[in-house]
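Shown next, in structure tokens, is the structure this report addresses.
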């Protein structure tokens, strides 16, 4: 029997201003009916290009230069729109990352589902609408009838992805390609979306290609996993073999760099443990937050009655799902926004009394610094790396001498592992990891004692994340910095923080030492969060 | 859906908040007219030999002998009572003059905008779907021509070609052939009035007078509309939801028109408002070339004669229309984009 989809030695190249880029350099795989194939790899490895090539959705600049793509035995390598349009949606469908952007923002979702139904079936508007309702119920959207007329911006990210799934399966295709379907969603939402997806796949015995950067997700839901690197498939194996005994050097590195339930920061990069400096937990608190509350407009409080303390040199993790208030708390600590009620004491000063708009010229500004999530977005595009690092030195420390600035900036850059020759580059000339280093260098340049990190590695590939986490950990141990570490990735928080606070809807659910909290969660909510993390079992002694 | 009550409340608030700006416009125009060189009294005196006494008499009639603050207060008082003064040129109250001439300008502007849109949207879409193709370059050339040829040149060219050479257009004088029967005045818009009266001969006469000036103006504003449509379409066609539409097998037509164009139209609506206001005020050259009895040519004549009242009235009218157009654009935008909240 012919497999549902076969991809044979496919090459794809893109014509760009800087010449021809070979995005795929000979990729082969096959997917059968009822089978789930995972494609994992880091950004630029060609995972998404593979999916788009199969769907024949490559943009104008990209084309398949050689190889064969067969769908149900039929060669579709060079098929035109007239062949593909009836297939897309009806026989092969695709769902995307960032579901909210993938839906038409000004069209009710019921109409969007009906559009797909009517594109492939000769049915009336009314029939399409009632089928759309059934589909919304099938993807377990509550109050489906009212939701038919909702717009994407009125739904949560998880709901949008369910709508997207409903659209993709509306015409019962036999192949579904899911390109990072749960990236950016909370772990619990990820779990429900993935379970819904696999349930539908099994029930209709469809073929699924799951593209993801998350090895744990692939391990949990796929029967076979293909690892891609720089346009090549380097390895393909069932998950237990792949993670148990990875063959290819790249796979080994990828597996090692992925945070798991037991990994430590130094394991990720395969370096010996840095000299461990015990945080001075018994010393006087650096930060005291009590009864902190923040209300935006008329809605329910984003942060309600949160209190905690942070010792000098301690690292505290704030975890929770989106909307739990973790970013709001971090912004109030940094005095970027004002609290509604409550106090924040930093050493001897009650910084909650200083209005957020005045804090930038307060002497304490230099001691509390921030590292942002998206290093690319948070760097001024017109500033070179040197300018970005020198800016706080100039403004907060009042250094005006150019040589002195240069010396200090390269000093800080060196500590952050940023090579000297990169200092004159602009953000767009730097890689993601290098930008993250600039962001960190900028934050530690004025010599802070408290660093607030808001999802500092969320936008990075796992191998880069590993290096950056290692860097942050080393900096903390060297300089005795205290961290407030905000993240949705529980494994990262466990590795980076001595203590963890779990937040839900603006309230603290659980608080305790990271080791204990992750080993034996005391509340159901924390337990559910932990259970939702997909993970893979790794055989010890890879290195 | 957006309810009617909050929409009305929002519109009311917007109108109220525009009052200070309108007030500023009134004061500014008043002062500007006073510092412009030229004495209206001299201009409107019986002749070049008019004596000093006659000029003084006219000054007194016009209230120009009073100190400027007092003139301003009187002027504001009059505006508050709905009076904009009397035009020295026509001898009519400015309100009457404007009310007679505004429909002519509006009819011309609306027709031109409709023409421009019906041309700009398809051109913009085609150019965006095939960027850097021959079609795209042709559209760009047409837009450039439209912008850089002044309206009085294109207007005269149209007259030369269609009236003088081909003889298919009527003589370019006014809104309707003087020998044709005027339809009863209901809305002031000749096309609508004659259609209401069922007088299709008059409708045709009015339409054939209208088409050349409307084309002239449409050509001038084609560029901003078509370029905006193209840019906006280009951006929208690369967004994720277009890819979704393609990935789920929607027809090209549906992807382009329903998913692409409707989203791309949002910024075009904003531009449309600006274009409309510009056309209404800046079409003085077109009105002059085609002897169109509109408000802009009326204001220009008054300005040349240092006739204060009509110019001030015209500026106030334009400011008011600008406020209304912006409000309409806002409301349209709110209806077209469900993401815009009511507040």
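Every number here is computed from the coordinates shown, using simple stated rules; none is lab data. Owing to the predicted nature of the structure, the values given are computational and were not obtained by experimental measurement. Backbone-built Cβ (ideal geometry, glycine too); neighbour counts: all protein chains shown.
Summary of values
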item: Relative contact order of the range A:274-375, pairs being alpha-carbon contacts under 8 Å that are 6 or more residues apart, as %; result: 27
item: Cα gyration tensor category, rounded, prolate or oblate, for the range A:454-543 with a/c compared to 1.5; result: oblate
item: Rounded FRET efficiency, nearest 0.05, which uses the C-beta distance separating residue B:251 from residue A:21 and R0 of 30 Å; result: 0.40
item: Theoretical gain in end-to-end length, residue A:429 to residue A:523 [0.36 nm per residue, Cα-Cα removed]; result: 29.2 nm
item: Alpha carbon centroid spacing (whole Å) that separates the range B:198-273 from the range A:451-503; result: 50
item: Three-way shape call for the range A:309-400 based on the alpha-carbon gyration tensor, with the a/c threshold at 1.5; result: oblate
item: Cα gyration tensor category, rounded, prolate or oblate, for the range B:98-161 with a/c compared to 1.5; result: oblate
item: Square roots of 5 times each gyration tensor eigenvalue, C-alpha, chain A, largest first, Å; result: 43, 28, 23
item: Average beta-carbon neighbours from other chains, 10 Å sphere, peptide A:119-126; result: 1
item: Cα-projected label distance for residue A:143 with residue B:31, points at 7 Å along beta-carbon direction, nm; result: 5.5
item: Crossing angle, helix A:187-204 versus chain A [Cα axis fit, 0-90 degrees, rounded to tens]; result: 10
item: C-alpha center-to-center spacing [the range A:363-440, the range A:1-38] in angstrom; result: 40
item: Where labels lie 7 Å past Cα in the beta-carbon direction, separation of residue A:28 and residue A:355 in nm; result: 7.0
item: For B:248-259, mean number of other protein chain Cβ atoms within 10 Å; result: 6
item: FRET efficiency for residue B:274 and residue B:304, using Cβ-Cβ distance with R0 set to 30 Å, rounded to 0.05; result: 0.65
item: Cα→Cβ-extended label distance, 7 Å offset, between residue A:401 and residue B:68, nm; result: 5.8
item: Inter-part distance where the range A:134-211 and the range A:328-357 are each reduced to a Cα centre, Å; result: 40
item: Peptide B:234-245 - average C-beta neighbours from other chains (10 Å radius); result: 5
item: Cut-off 20 Å, label 7 Å out along Cα→Cβ of residue B:326, residues of the range B:270-306 by amide N; result: B:270-283
item: Footprinting exposure proxy for A:43, B:277 (fewest neighbouring C-beta atoms within 10 Å first); result: A:43, B:277
item: With Cα atoms, 0 to 90° folded angle of helix A:125-138 axis to chain A main axis; result: 50
item: Least to most buried among A:100, A:335, A:60 (fewest other Cβ within 10 Å first); result: A:60, A:100, A:335
item: Efficiency of FRET between residue B:13 and residue B:336 - r from beta-carbon atoms, R0 22 angstrom, step 0.05; result: 0.60
item: Percent RCO, i.e. relative contact order, over chain A, from Cα pairs under 8 Å lying at least 6 residues apart; result: 15
item: Fewest-first sequence of A:59, A:179 by Cβ atoms within 10 Å of each Cβ; result: A:59, A:179
item: Length-normalised contact order for chain B - Cα pairs under 8 Å, 6+ apart - percent; result: 27
item: Folded to 0 to 90 degrees: helix A:402-415 orientation relative to chain A principal axis, Cα; result: 60
